[in-house]
1. List the number of the failed condition for L13; all other conditions in (1) in contact (Cβ under 8 Å) with a residue 12 or more places away in the chain; (2) exposed (fewer than 12 other Cβ atoms within 10 Å of the Cβ) hold.
2. Report every pair of residues separated by at least 6 positions or lying on different chains whose Cβ atoms are under 7 Å apart, first residue within segment 114-135 and under 25 Å from L15 (Cα atoms), second open to solvent by 30 Å² or more (accessible area, probe 1.4 Å) and in a strand (DSSP E or B).
3. Would you kindly identify the strands (runs of 3 or more DSSP E) lying entirely within segment 84-139 that contain at least 1 residues that are of a type outside the set (V, I, T), surrounded by 15 or more Cβ atoms within 10 Å (Cβ to Cβ) and at pLDDT 80 or above?
4. Just checking, how many residues over segment 33-44 are open to solvent by less than 80 Å² (accessible area, probe 1.4 Å) and either at pLDDT below 90 or β-branched (V, I, T) (or both)?
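The values are calculated or read from the model by the stated rules, or taken from the named source; none is laboratory data. Note that the structure is predicted; figures quoted are calculated from it, not measured. Please note: Cβ atoms are built from the backbone with ideal geometry, for glycine as well, and neighbour counts cover all protein chains shown. These accessible areas exclude ligands, DNA and RNA; they are computed on the full protein's heavy atoms, side chains included. Shrake-Rupley method; radii C 1.70, N 1.55, O 1.52, S 1.80 Å.
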Amino acid sequence: MRFRLSRSLTFWLGLPGLLFLLWAWADSFDWRSGISIAGKSGLGGLASDGSSISFHWSHLAPVPSGVVPPVGEYEPPELPPTTSMDFYHESSTRGQRPFLWAQFESSSGTAGAVASRMISVPYWIVTLAYIGLWGAVMAWRWQRSRRRPPVGPPHISFEDKGAPVHQAP
């Protein structure tokens with residue numbers, strides 16, 4: 001049996017993911033969209049802006065031993081007692097519209113007792129990784145369908161060994 005892309009469940013299940021990535025990429029040219037989560041363990045979020053996806057996380061870092069905390073008006077930040085989630089979609093503040101020249105970026109910093117990390121991954125890297133994984137799964141399914149022996153009707157055979165003879169006493 002021939003492998004047909006139009007009849008492949010792997011193809012049809014992966015296509016919406018690719019279309020969503022391309023739509024989100026195009027949307028990131030003019031809009032900044034994201035989700036932020038605040039909880040007891042820290043503050044985090046995911047944002048789509050300027051042809052890249054940014055992950056950021058902030059949390060209270062323990063003060064290393066031997067370091068004197070600042071005196072005066074410094075007040076340690078408080079984290080919310082419950083978990084909350086916020087969605088946003090606003091106009092982008094970027095002056096130019098980066099397309100393929102968006103680059104991978106990573107940063108980390110500490111401000112007082114708050115440590116924060118941020119990673120920005122360009123959409124072109126995410127899209128190429130998705131297409132590569134999706135293509136690898138489709139190639140694996142194609143190879144698997146080629147190795148499968150053709151299925152035919154079951155063959156039933158009867159052997160005539162004779163019926164056992166029982167003699168009456």
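1. Checking L13 against (1) in contact (Cβ under 8 Å) with a residue 12 or more places away in the chain; (2) exposed (fewer than 12 other Cβ atoms within 10 Å of the Cβ), the one that fails is (1).
2. S120/E105
3. Values: elements: 84-91, 105-111, 114-122.
Answer list for segment 84-139: 114-122.
4. Going residue by residue through segment 33-44, those that are open to solvent by less than 80 Å² (accessible area, probe 1.4 Å) are 33-39, 42-44.
In the following step, the residues that additionally are either at pLDDT below 90 or β-branched (V, I, T) (or both) were identified as 35, 37-39, 42-43.
Residues flagged as open to solvent by less than 80 Å² (accessible area, probe 1.4 Å) and either at pLDDT below 90 or β-branched (V, I, T) (or both) within segment 33-44 amount to 6.
This table checks each residue for (1) modelled with pLDDT of 85 or more; (2) touching a Leu at 6+ places or on another chain (Cβ under 6 Å); (3) closer than 22 Å to S108 by Cα.
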| site | (1), (2), (3) |
| --- | --- |
| R4 | no, no, no |
| L9 | yes, no, no |
| L13 | yes, no, no |
| A24 | yes, no, no |
| W31 | yes, no, no |
| L46 | yes, no, yes |
| G50 | no, no, yes |
| H59 | no, no, yes |
| E73 | no, no, no |
